[in-house]
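To start, the structure itself, in structure tokens.
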């Protein structure tokens, strides 16, 4: 695609790696959160962060992308621009950054004026690389899903922090305030739900989804890629998906649609087909690369089953579809380290969404915020010391009701919190002089025995 010189006042770069993120940005633009279209030169920078990008579904080929791209003056392939580097691993050396900036300002037609940079996660590549290259750009972070309700994964350097203007996020859990970037005083700003729903409706191309008998599925099973993230083993993920199918069948659904994640292996579909056959239900696998949310408009399902997919919350909040979960308790145990950013999304779904086969959720939204404060503190205690009293209070009140599933005994012990092992915690925090005295006493005892 040829590049044209920007003769307008302000350049804006929007980095995106998922269709959901692109839809979020489109809604933000439609709502005027980045100012008027006139006077701005807007670049959509597409990054494919898959381990082997050449074998993954390309974002530009997914249903709905073309409609979203009309909001931008140009679409640029980030993988091609930095080849042979991988977008998830590459950040330029500091002394090379000015050279990269001059090159991109010229080739992308950015001019020499002020620049806005909207990125998914400022703590990781490719956003980290872009923030380094465009060292004078104002940064706008937008949240691609439920992770915005959790703490910032890694500390940010001051030269980045001082440029972050805001966190844009969807109202996926109405009433819940994001924790992301709050330790740096970054304000959060809502992307209006009605604008996001309009974008989803716009890219929801009519899809005639019918099973082998010509019927329309009434339940949707959402796949993820938990084995690819090394959270579960492939066989465990297969078993989890089969459990979702059996749960939907037990709830009375005789025709089920499986929406696999674009990077999930095809053999998962075969495992589900076997589970469907054993349950006496019809299973249809959606092969078309499209957002799960766009399926809801065409299909109008009566149930969506998943693990901790953000698409579960949009089904419930934007489309009013009942949702059910499976596998969250196992994931709470498996996530390593405790600071794993997926912990907050798993906690939210486990707390708010009924388990498949049940109608009762563990907590209400009002009860969720203090739980997330406790989890967030345990994940990043040093950067969120202000949350310790809330964590102590919540843990003290829930020691005996099974809610410690959201924590690990080891983590609670190391932080000397209720629910930890007090003796182990005390031993870990002995004064250096006391520890030295204990070692000396042990040496003396050994000498006595030897003598």
**Complete:** Dividing the mean separation of Cα pairs under 8 Å (6+ apart) by the residue count of the range 10-203 yields a relative contact order in percent of 25 percent
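Please state the shape class of the range 10-203: rounded when a/c is under 1.5, otherwise prolate if a/b exceeds b/c and oblate if not, all from the C-alpha gyration tensor.
In terms of gyration-tensor shape, rounded.
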**Request:** Figure the gain on full extension for residue 154 and residue 338 (residue separation times 0.36 nm, minus the Cα-Cα span) and round it to one decimal in nm.
**Result:** 64.9 nm
**Item:** Ranking of 382, 42, 405, 325 by count of other Cβ atoms within 10 Å, fewest first
**Value:** 382, 405, 42, 325
**Message:** Taking 8 Å as the Cα distance limit and 6 or more residues as the minimum spacing, I'd like the relative contact order of the chain as a percentage.
**Reply:** 12 percent
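Full extension from residue 386 to residue 136: what is 0.36 nm times the residue separation minus their Cα-Cα distance, to one decimal in nm?
Extending this stretch completely gives an extra 86.8 nm.
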**Asked** Between residue 60 and residue 298, what FRET efficiency comes out of the Förster formula 1/(1 + (r/R0)^6) with R0 = 22 Å and r the beta carbon distance, rounded to 0.05?
**Response** 0.50
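Under the classification rounded if a/c is under 1.5, otherwise prolate if a/b is larger than b/c and oblate if not, where does the chain fall, given a ≥ b ≥ c as square roots of the Cα gyration tensor eigenvalues?
oblate
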**Item:** Projected label distance in nm at residue 236 and residue 103, using a 7 Å step from Cα toward the beta-carbon
**Value:** 4.2 nm
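Using only the alpha carbon atoms of the range 219-362, find the Kirkwood hydrodynamic radius as the inverse mean reciprocal pair distance, in angstroms to one decimal.
After inverting the mean inverse Cα-Cα distance, the result is 15.1 Å.
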**Item:** Ranked 203, 209, criterion: other C-beta atoms within 10 Å, fewest first
**Value:** 209, 203
**Message:** Taking the Cα centroid of the range 189-266 and of the range 79-153, what is the distance between the two, rounded to the nearest whole Å?
**Reply:** 32 Å
**Prompt:** What ranking of 356, 375, 221 emerges when the number of other C-beta atoms within 10 Å of each C-beta is taken as an exposure proxy, fewest first?
**Reply:** 356, 375, 221
**Cα gyration tensor shape of the range 1-125, rounded if a/c is under 1.5, else prolate or oblate by comparing a/b with b/c** = oblate
**Asked** Taking 0.36 nm per residue of separation and subtracting the Cα-Cα distance, what length does fully extending residue 112 through residue 319 add?
**Response** 70.1 nm
**Request:** For a label point 7 Å from the Cα of residue 81 along Cα→C-beta, name the residues of the range 139-157 whose backbone N is under 17 Å from it.
**Result:** 139-142
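A short reminder: the numbers here are calculations on the coordinates, not readings from a lab. All figures in this text were calculated on a predicted structure; none of them were measured in a lab. Ideal geometry is used to build each Cβ from the backbone, glycine not excepted, and the neighbour counts take in all protein chains shown.
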